[in-house]
Amino acid sequence: MIGYTMVGTKDLDRSVQFYAPLFEEMGLSLCWRDERTASWGRPDNPAFPRFITGYPYDRREASMGNGVMTAFLLDGPQKVDRLHRIAMRQGGTDEGAPGPRPQYGESFYGAYVRDPDGNKIAFVHYTE
């Protein structure tokens, strides 16, 4: 259903430095990089959704959206914890420490982060 998600940046090199170790931990590869954008996914599977960071097409300054978030579904709470630690080490801002979120379901475990440009991402695990 989703082809790709894109977040804007004001500094592509900084954004790549933030996201590269996160996607490496998730087993995703850099699929594309030029002077305006970078994308990660599975290069051998064009149907697998990609995540892109880049400068806005209209050449205006990037801004974050209130209520906009990308959540990455992971295979266990330990992976959520690890990715949250990596994000913090790479300059992210904590928006919700790793832990259970029973309001979203009995097995829901998540962590919330903002990248250096203020874009919100989540690392989540759930079984239902």
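Couple of notes before you dig in:
- Any chance Tyr104 is out of contact with any strand residue (DSSP E or B) (no Cβ under 7 Å at 6 or more places or on another chain), under 22 Å from Glu128 (Cα atoms) and of a type in the set (Ser, Thr, Tyr): yes
- Residue in region 17-25 that is on the phi > 0 side of the Ramachandran plot and either outside any strand (DSSP E or B) or surrounded by 13 or more Cβ atoms within 10 Å (Cβ to Cβ) (or both) present: no
- Considering residues of region 61-72 that are assigned to a loop (DSSP other than H, G, I, E, B) and of a type in the set (S, T, N, Q) only, the residue farthest from Val113 (Cα to Cα): Ser63
- Checking each residue in region 51-80 for being open to solvent by 70 Å² or more (accessible area, probe 1.4 Å) and either closer than 18 Å to Ser15 by Cβ or of a type in the set (Asp, Glu) (or both) picks out Tyr57, Asp58, Arg59, Arg60, Glu61, Ser63, Met64, Val68, Met69, Asp75.
- Output for region 81-121, where each listed residue is open to solvent by less than 20 Å² (accessible area, probe 1.4 Å), within 17 Å of Gly65 (Cα to Cα) and not small (Gly, Ala, Ser): Val113, Asp115, Asn119, Ile121
- Residues of region 82-97 include none that is touching a residue at least 12 places away in the same chain (Cβ under 8 Å) and touching a His at 6+ places or on another chain (Cβ under 6 Å).
- The test for being at pLDDT 95 or above, more than 17 Å from Gly27 (Cβ to Cβ) and more than 13 Å from the chain's Cα centre (by Cα) holds for Ala97.
- Residue match in region 42-52 (condition: in contact with a helix residue (DSSP H, G or I) (Cβ under 8 Å, 6 or more places away or on another chain) and more than 22 Å from Tyr112 (Cβ to Cβ)): no
- Within region 73-117, tally of residues that are farther than 19 Å from Ala20 by Cβ and assigned to a loop (DSSP other than H, G, I, E, B): 7
- Subset of region 27-50 that is open to solvent by 40 Å² or more (accessible area, probe 1.4 Å) and of a type in the set (A, V, I, L, M, F, W, C) - its residue that is nearest to Gly76 (Cα to Cα): Phe48
The values are calculated or read from the model by the stated rules, or taken from the named source; none is laboratory data. The model shown is predicted, which means the values in this text are computed figures rather than measured ones. Virtual Cβ from ideal backbone geometry, glycine too; neighbours counted across all protein chains shown. Note: areas computed on protein heavy atoms with side chains; ligands, DNA, RNA excluded. Shrake-Rupley method; radii C 1.70, N 1.55, O 1.52, S 1.80 Å.
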